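Read through the structure below, which is laid out as structure tokens, and then see the notes.
The values are calculated or read from the model by the stated rules, or taken from the named source; none is laboratory data. Quick caveat, the model's predicted, so the values are computed rather than measured. Every residue, glycine as well, gets a Cβ built from its backbone with ideal geometry; the counts of neighbours run over all protein chains shown. Areas reflect the complete protein model, heavy atoms only, side chains present, ligands, DNA and RNA absent. Shrake-Rupley method; radii C 1.70, N 1.55, O 1.52, S 1.80 Å.
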Amino acid sequence: MAERTSVTACLAVICEALKRLKLQPKKTLRAAEQERREIAAEREAYRQQMSKVSVERLVFGHLRIRVG
């Protein structure tokens, strides 16, 4: 993220923000479904599609990320 947006964040800060928002961490790091071939293909297609989206258009919840 820092390379594309010049926005950096410490893992501890992210964890604290998630805690304050009462968001639970994932119980597993990788879902078993990700191993299936068709799911892997869908995830790759999604990544390629998202790589074309301008970071200025991204919105996370109620926060809009401003770049520059």
Taking the range 5-35 on its own, how many of its residues are of a type in the set (Lys, Arg) and surrounded by 10 or more Cβ atoms within 10 Å (Cβ to Cβ)? 1
Quickly run through the range 1-34 and pick out the residues that are assigned to a helix (DSSP H, G or I) and within 25 Å of LYS52 (Cα to Cα). ALA2, GLU3, ARG4, THR5, GLN34
Selection from the range 36-50 of residues that are open to solvent by 70 Å² or more (accessible area, probe 1.4 Å), closer than 28 Å to ARG4 by Cβ and not aromatic (Phe, Trp, Tyr): GLU42, ARG43, GLU44, ARG47, GLN48, GLN49
Cβ-Cβ distance below 9 Å, separation of 6 or more or different chains: which pairs start in the range 24-41 with a residue that is of a type outside the set (Lys, Arg) and end on one that is outside any helix (DSSP H, G or I)? ILE39/ALA31
